[in-house]
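The structure appears below as structure tokens.
The values are calculated or read from the model by the stated rules, or taken from the named source; none is laboratory data. None of these values were measured; they are calculated from a predicted model. With ideal geometry, Cβ positions are generated from the backbone for all residues, glycine too; neighbour counts draw on all protein chains shown.
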Amino acid sequence: MKIAKGVAWVLLFVLIGMQFYSPTKNSAIGEHTAVFLSETNPPKEVQRILETTCYDCHSNNTHYPWYNNIAPVSYWLADHIRVGKGHLNFSEWESYTPKKKDHKLEELIEEVEEGEMPLKEYTWTHKEARLTANQKEMVMEWARKSRILYQLGPQPE
């Protein structure tokens, strides 16, 4: 019993200490997705869907919920964002090769089609990110059309 009480006190102090050392926030200033939007030219509705369902984890700018200020949730969210940006970062679109851009769009189609994206954990607290069948189809159709740009390669002028 004494050991359990000691462990509980240590955990409490660790949790309190974590409140003072939060992870760095993912926040960009300016038009961080401008190149992506310019190249792929999504319709306004698809652009809105991308902004509300994808950008928080897949760009250099996240809109954080209030509970991000509470550890260990802040660490959990930071890890989700780090992993998400590792898979696809719309803010870094310019640095991708045409082949990689094509592949990223192919993966986007697969993830949306299979219902893997947006993550269930995200849609639990972001109801606006729950996609209807029509919205999914709009996003996938836009991505299929955009892939053609990268499959054809640069066109002579």
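Quick one: would you say Tyr122 is farther than 19 Å from Pro42 by Cα and among the aromatic types (Phe, Trp, Tyr)?
So Tyr122 passes the test.
Quick one: which residue in Glu92, Glu31, Glu116 is assigned to a loop (DSSP other than H, G, I, E, B), free of Cβ contacts under 8 Å to residues at least 60 places away in the same chain, over 22 Å from Leu131 (Cα atoms) and of a type outside the set (Gly, Ala, Ser)? Reasoning before the result, please.
Numbers: Glu92 fails: assigned to a loop (DSSP other than H, G, I, E, B); Glu116 fails: over 22 Å from Leu131 (Cα atoms).
Checking each option against the conditions leaves just Glu31.
Need the failing condition index for Phe90 against (1) among the hydrophobic types (A, V, I, L, M, F, W, C); (2) at pLDDT below 95; (3) under 21 Å from Thr24 (Cβ atoms), just the number.
It is condition (2) that Phe90 fails.
Tell me, yes or no, whether the range 16-25 has at least one residue that is closer than 26 Å to Leu105 by Cα and aliphatic (A, V, I, L, M).
Looking through the range 16-25, none of the residues is closer than 26 Å to Leu105 by Cα and aliphatic (A, V, I, L, M).
Could you tell me which numbered condition Ser74 fails, if it satisfies all but one of (1) surrounded by 16 or more Cβ atoms within 10 Å (Cβ to Cβ); (2) over 17 Å from Pro23 (Cβ atoms)?
(2)
Go over the candidates Asp79, Asp56 one by one and state the one that is of a type outside the set (Phe, Trp, Tyr) and touching a Gly at 6+ places or on another chain (Cβ under 9 Å).
Values: Asp79 fails: touching a Gly at 6+ places or on another chain (Cβ under 9 Å).
One residue alone meets the criteria, Asp56.
Looking only at the range 40-77, how many residues end up being of a type in the set (S, T, N, Q) and either in contact with an Asp or Glu (Cβ under 9 Å, 6 or more places away or on another chain) or in a loop (DSSP other than H, G, I, E, B) (or both)?
7
If you check His80 against the conditions, is it assigned to a loop (DSSP other than H, G, I, E, B), modelled with pLDDT under 95 and either over 17 Å from Val139 (Cβ atoms) or out of contact with any helix residue (DSSP H, G or I) (no Cβ under 7 Å at 6 or more places or on another chain) (or both)?
Values: assigned to a loop (DSSP other than H, G, I, E, B): no; modelled with pLDDT under 95: yes; either over 17 Å from Val139 (Cβ atoms) or out of contact with any helix residue (DSSP H, G or I) (no Cβ under 7 Å at 6 or more places or on another chain) (or both): yes.
So His80 fails the test.
Test of understanding: among Phe20, Phe36, which residue is closer than 16 Å to Ser146 by Cβ and of a type in the set (Phe, Trp, Tyr)?
Numbers: Phe20 fails: closer than 16 Å to Ser146 by Cβ.
Selected residue: Phe36, the only one of Phe20, Phe36 that is closer than 16 Å to Ser146 by Cβ and of a type in the set (Phe, Trp, Tyr).
Taking only the range 117-141 into account, find how many residues are surrounded by fewer than 13 Cβ atoms within 10 Å (Cβ to Cβ) and modelled with pLDDT of 95 or more. Full working, then the answer.
Start the filter on the range 117-141 by keeping residues that are surrounded by fewer than 13 Cβ atoms within 10 Å (Cβ to Cβ), which leaves 120-121, 124-125, 127-128, 132-134.
Going one step further and asking which of them are modelled with pLDDT of 95 or more, we end up with 132-134.
The qualifying residues number 3.
What pairs can you find where one residue is in the range 39-51 and surrounded by 15 or more Cβ atoms within 10 Å (Cβ to Cβ), the other is assigned to a loop (DSSP other than H, G, I, E, B), and their Cβ atoms are less than 8 Å apart, with a gap of 6+ or different chains?
Final answer for the pair search is Ile49/Leu131; Leu50/Pro42.
Just a yes or no: is a residue in the range 96-113 in a loop (DSSP other than H, G, I, E, B) and within 18 Å of Glu51 (Cα to Cα)?
Taking every residue of the range 96-113 in turn, none turns out to be in a loop (DSSP other than H, G, I, E, B) and within 18 Å of Glu51 (Cα to Cα).
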